[in-house]
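Working notes for the structure below.
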Amino acid sequence: MDDIIRRNPAGAPIGPGVFKAWGFSQSVSWMGMTHYAGIAPLSGDNPEEIVCIGAGSMRLQITHVLETLDYCLAADGLDRRRLLSWTIYVTSARAFFDASSTLVAWVGHSTPAATLIEVSGLAHPDQMIEITAVAAHAKKKIL
């Protein structure tokens with residue numbers, strides 16, 4: 001099990017207290033890939049005091065989620081060009097598509113495989129989006 005690395009990057013909007021209370025890690029790396037738990041427009045270190053960033057605005061929530069994903073990728077020595085896939089959960093597909101230009105501009109030419117799922121609700125009542133993702137590490141050259 002030493003080859004599995006679990007991380008909750010320091011300084012991320014969601015603090016280690018939330019991960020501990022809810023029983024998960026922000027990222028888990030194994031076999032050259034890193035899997036990211038749902039990245040949400042939330043902030044705080046105590047589950048009872050979590051706040052939603054950008055309440056009422058899908059565009060602001062997308063921006064916060066992508067900034068957090070950038071932060072998490074960097075903490076793992078990666079960047080958005082290494083994304084393989086993501087699953088995007090939204091409470092309104094229409095609102096997501098109306099604001100999706102933010103996501104399209106962020107991802108650029110390195111588009112991952114994707115699934116969009118509309119759900120009736122997410123962890124926080126004001127939350128409109130959450131993204132899980134998988135990224136690949138660079139292949140090491142063997143000399």
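Observations on the structure shown:
- Whether the chain is rounded, prolate or oblate, judged on the alpha carbon gyration tensor where a/c under 1.5 counts as rounded: oblate
- Computed E for residue 74/residue 101 - FRET, C-beta separation, R0 35 angstrom, nearest 0.05: 0.90
- Total formal charge among the other residues, if their Cβ is under 12 angstrom from that of residue 24, Lys/Arg +1 and Asp/Glu -1: +3
- For the chain, leaving out every one of the trypsin sites (Lys or Arg not before Pro) that falls in a DSSP loop and has at most 10 other Cβ atoms within 10 Å, the longest unbroken run is 1-138.
- For the chain, the longest principal axis of the C-alpha atoms and the axis of helix 58-75 are separated by about 20°.
- Per residue, the solvent-accessible area of the chain (1.4 Å probe, heavy atoms of protein chains only, all protein chains present) comes to 57 Å².
- Added length on full extension, which subtracts the Cα-Cα distance from 0.36 nm per residue, residue 60 to residue 45: 3.3 nm
- Rounded to 5, the percent of DSSP beta bridges in the chain classed as antiparallel: 75 percent
- Extension gain for residue 92 to residue 4 (0.36 nm times residue separation, less C-alpha to C-alpha distance): 28.2 nm.
- Rounded to the nearest 20 debye, the dipole magnitude of segment 23-143 is 780 debye, with +1 charges on Lys and Arg beta carbons, -1 on Asp and Glu beta carbons, and the Cα centre as origin.
- Accessible carbon and sulfur surface of the chain relative to its total accessible area, %, 1.4 Å: 56 percent
- Relative contact order of the chain: 28 percent, from C-alpha pairs under 8 Å at least 6 residues apart in sequence.
The values are calculated or read from the model by the stated rules, or taken from the named source; none is laboratory data. As the structure is a computational prediction, the values presented were derived from the model and not from experiment. Cβ sites come from the backbone with ideal geometry, for glycine too, and all protein chains shown count toward neighbours. The protein model used for the area step is the full one, side chains on, heavy atoms only, and it has no ligands, DNA or RNA in it. Shrake-Rupley method; radii C 1.70, N 1.55, O 1.52, S 1.80 Å.
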